[in-house]
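First the structure, in the form of structure tokens, and then the observations on it.
The values are calculated or read from the model by the stated rules, or taken from the named source; none is laboratory data. Note that this is a predicted model, so its numbers are computed, not measured. Backbone-built Cβ (ideal geometry, glycine too); neighbour counts: all protein chains shown. For accessibility, only protein heavy atoms count, side chains too; no ligands or nucleic acids. Shrake-Rupley method; radii C 1.70, N 1.55, O 1.52, S 1.80 Å.
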Amino acid sequence: MIEEIKKLFDAAVKVRENSYSPYSKFKVGAALECESGEIYTGTNVENASFGATVCAERIAIFKAVSEGEKKFKRIVLVADTEKPPSPCGVCRQVMSEFNSELEIYMCNLKGDCKKVTLLEIFPEQFRL
Ligand code: THU
């Protein structure tokens, strides 16, 4: 599977190095592919006021939206975990705003990836 997402995986691994995570020391990288073909990356940015921390996924999504993109195809997450890392609830909610069936590849640094859809891991989504 890693072959089909190699470009996104590499981008997520690279941006993960920019993680600002002095508190948790948990670095996360995300690479979001838009329907346009454009790729936006993000990494987690922590804050001394912990609640002000923003996850890698949301940074990537917000970067894309602020550049005028709203159609997202898939997102790859990378963290240094044994099992593939799963997106937090807030990020799932933000993803659901734009694509209720977003494809999510959860990968560790070794390249072990698990593919899910947002609908599978976040059913009965809240909408207005
Ligand atoms: N984190 C992410 O970047 N994405 C997630 O989906 C889960 C958590 C970050 C936030 C924080 O900087 C660190 O991981 C530990 O929670």
Problem set entry | Residues satisfying the stated conditions in region 16-70, i.e. within 13 Å of the ligand (Cβ to nearest atom), surrounded by 13 or more Cβ atoms within 10 Å (Cβ to Cβ) and over 15 Å from the mean Cα position of the chain (by Cα) | Tyr20, Ser21, Glu46
Exercise. Does region 9-46 hold any residues that are touching a Leu at 6+ places or on another chain (Cβ under 9 Å), assigned to a strand (DSSP E or B) and not charged (D, E, K, R), and which are they?
Worked result: Val28, Gly29, Ala30, Ala31, Leu32, Ile39, Tyr40, Thr41, Gly42
Exercise. Ala12: closer than 19 Å to Asp112 by Cβ, buried (at least 16 other Cβ atoms within 10 Å of the Cβ) and either without any contact (Cβ under 8 Å) to a residue 40 or more places away in the chain or within 9 Å of the ligand (Cβ to nearest atom) (or both), yes or no?
Worked result: no
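For every residue, the table says whether it meets (1) acidic (Asp, Glu); (2) within 20 Å of Asn99 (Cα to Cα).
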| site | (1), (2) |
| --- | --- |
| Tyr20 | no, no |
| Lys27 | no, no |
| Ala30 | no, yes |
| Glu38 | yes, yes |
| Gly42 | no, yes |
| Asn47 | no, no |
| Phe50 | no, no |
Exercise. Is it the case that some residue within region 80-87 is in contact with a Phe, Trp or Tyr (Cβ under 7 Å, 6 or more places away or on another chain) and touching a residue at least 24 places away in the same chain (Cβ under 8 Å)?
Worked result: no
Problem set entry | Pick from region 71-92, criterion within 20 Å of Ser19 (Cα to Cα) and among the hydrophobic types (A, V, I, L, M, F, W, C), ranking: farthest from the ligand (Cβ to nearest atom) | Val76
For this session: For residues that are closer than 20 Å to Lys25 by Cβ and either open to solvent by less than 80 Å² (accessible area, probe 1.4 Å) or hydroxyl-bearing (Ser, Thr, Tyr) (or both), tally how many sit in region 72-128.
Result: 14
